[in-house]
Structure formats: structure tokens, C-alpha cells
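Trainee: Below: one structure in C-alpha cells.
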Amino acid sequence: MKRPLELSIGPILIGLVSAMLGSLALFAIAIGLALTYIGLYITVEKAAQRLVVARRIGHHEVVEGTPLTLEFEVGGLSGLPAGVEMLCRCGEWHPLALGMNTVRWTLDRPGRHAIEPSPLRIKDDLGVFTKTMLVGHPDEILVLPAPAPIAPYARRGAMDAAHDPEPDGIRPYVRGTPMSRIHWKSAARGGELMERAFSPARDHLPLVVVDTTNAPSGAAVDWAARTAAGHVLALARGGGCRLLLPGDRSAITLMDPVAHWPAVHRRLASLGKGSPAAGISARDRADAVSVHASMAPPEAVVPRRALPPGVVAVGEWAGE
């Protein structure tokens, strides 16, 4: 809030001049200006006492690039010549109307983020006095990495029927499936081309390895999370895969891209620093998809933008 002492200089100077000149008009102006300032000051103080703001977060998990919705319900200022403003990520103050207000932020940084109480300020209608305050309770959201576009994987030898002799029903044909696995009866009936499904042995599933050792920046780790997410989704849709993350002693198995994907996606959102703790067999090493943050292509690394006011990354990357 602007200090009343600073604003009182104007009326005092006008009053002194009016006394020196013996001008009643100037004296009236000084009194009127002083009363106006006092009235505006009382208005802002009264508004701060009456203001009621409820803040709600739409979702606690969002994919980066998807707007995060915050709702502010403002009340208590009816009849007062004052309003309330919110600090925007651009650094400027924007007014909030009485009632429901919706604010959307787009976060481009995967990971856990703490949302601190939001900075608001009350301002009289003339803009003379302002008072800043914080509203809302601390909260946390998880920003999930957006999977990088990866071309669909053709059938891998490890997913071939020779390794998976137990049939597990039929499913739509996937390009690259061996002819021996096509369900010819359904094709003969004139329907959609189908294939016989098999439950792959888990140790034969393709492996995706993520390594963040010597990552030059947090943005490079973000690239690794997006790239790994793209590979995992493409492989899961082709029959399943395994994922080995930094610090893990065993790989995560993902065979159902619908049921298993959310938990894997959350792990990729919070990549730590380091390399996988488990050893990789010679067979896996030959076919593994390796994602090294230290080898991120410079043109593919998206610099991190500043976070909105009141949003703080939890466990901020040391290299940033």
C-alpha cells in the first residue's frame, strides 16, 4: 500500500501556500484532497477486511502444454469503490470480477510443482491506495511429459509367436505381424483383418533405458522424459515393453497401454539424476532403446520458460 505519509505532502503543501497567500480556495482544495485520501485509505482497509476469495485448482495432473485451470471466486466487495487484481505471469496485475473467475496457465516443464498462495491486491477505484495479500492454500500438481511423436514399431522378434506359444484371443491386425499369426477365419468372413494375440513372456519384451547422467540442463532431462514416453507408448501399443529408469534396480513392465500407462507416465514426469542401477544383459543391450539426456539434440531441447507467480518446481534440477 502506498504510504499515507507520502500522500499527505500534497495537501500540506497546498495548505501552506493557502496560508501564505490567504487563499480560502486553496485551503478548501487542501482539505478536500486530504479528506479524499482518508476516504480512499479507509475504503481499501475495509475492502481487505471484507474480501472473500476461494481458490480451486481444476486438476492435479496435467500434460505439459495443456492449460491448468484455476478458479477464483471473489466476494465481499459489493458497494465499495474498490476492486481486486491478480498478478499475471507476464508480471502485470489484471482485474478479477466479483463472482467466478477462471485463470488458465500453461506449464511446459514436466515434474512436480507446488502452487503457493496466489498474490492478489486490492486497489481503490482511483488507484491511489493498494494493498497486497495472499489467498488460497498451498497445493501440488504433477505436470506429465508430452510423449514425443514416434513412428509405430513393427513387430519385434521378441514378440513373435515362436517365443509366445500361448494364444490369448484375437485383435486387429498390426502391420508387420507374421503371416502365420493372421486369423484367416475372420478374414474369410469378410470382416476386418485380425491377428491371433499372444501373451508375451515378460523377459522377451523390448527394453527402453533412460539415463540422465551428465545432463547439461533440466531442459535436456525434459527432452529425455518426452522421448522415453513416446518410445514406451509406441512399444506398448505394439505388444508391450519394459522401462528402466535412473536409480531403478529392475525394469517396469508395461503390457497394457491403457491400464499400465498412467503409473509409468507419472514416473517419467519425475526423472531423477543418474543412471539405472540394474545391469543390462547382452541380449537386452543389443536391442534396447537408449535415451541419454546428455545426448539430447540441441534443436530438440526446448528451453524452460519462467513459471507463473506462486508456482515453484519441487526438487528443482541442480543444473538450472
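The values are calculated or read from the model by the stated rules, or taken from the named source; none is laboratory data. Since we're looking at a predicted model, the values are computed, not measured. As a convention, Cβ positions derive from the backbone with ideal geometry for all residues, glycine included, and neighbour counts pool all protein chains shown. Each accessible area value is taken on the protein alone, full model and side chains, heavy atoms only, with ligands, DNA and RNA left out. Shrake-Rupley method; radii C 1.70, N 1.55, O 1.52, S 1.80 Å.
Trainee: How many Å² of accessible area per residue for region 32-96, probe 1.4 Å?
Mentor: Ligands and nucleic acids excluded, the result is 51 Å² per residue.
Trainee: Also, quick follow-up: For region 49-106, take N as its residue count and report Rg(C-alpha) divided by 2.2 N^0.38 Å.
Mentor: 1.27
Trainee: Residues of region 206-245: accessible area per residue at 1.4 Å, in Å²?
Mentor: 20 Å²
Trainee: Along Cα→Cβ, 7 Å out, is where each label goes; now give me the distance between the ones at HIS137 and ARG266 in nm to one decimal.
Mentor: The answer from the label model is 2.0 nm.
Trainee: Starting from the Cα-Cα distance between LYS185 and THR36, subtract it from 0.36 nm times their residue separation and give me the gain in nm to one decimal.
Mentor: Contour length minus the Cα-Cα distance gives 44.7 nm.
Trainee: A further question on this structure: Using Cα pairs closer than 8 Å and at least 6 residues apart in sequence, work out the relative contact order for region 216-288, in percent.
Mentor: Once normalised by length, the contact order is 30 percent.
Trainee: Calculate the spin-label point distance for VAL312 paired with ALA97, positioning each point 7 Å from the Cα along the beta-carbon direction, and give it in nanometres.
Mentor: Here the modelled spin labels are 3.4 nm apart.
Trainee: Counting only protein heavy atoms and using a 1.4 Å probe, what share of the accessible area of region 234-320 belongs to carbon plus sulfur, as a whole percent? Kindly include the intermediate steps, with their values, before the conclusion.
Mentor: On the way: 2510 of 4640 Å².
Taking all protein chains in place, region 234-320 shows 54 percent carbon and sulfur surface.
Trainee: Now for a different question. Can you pull the accessible area of GLU64 for me, 1.4 Å probe, Å² to the nearest 10?
Mentor: 20 Å²
Trainee: Rounded to the nearest 0.05, what FRET efficiency do CYS90 and SER294 give with R0 = 25 Å and r taken as the Cβ-Cβ distance? Could you check?
Mentor: With a Förster radius of 25 Å, E is 0.15.
Trainee: Continuing with the same structure: What does the extension gain come out to for ILE57 and ALA151, with contour length at 0.36 nm per residue minus their alpha carbon separation?
Mentor: On the way: separation 94, 0.36 × 94 = 33.84 nm, distance 3.52 nm.
Roughly 30.3 nm would be gained on extension.
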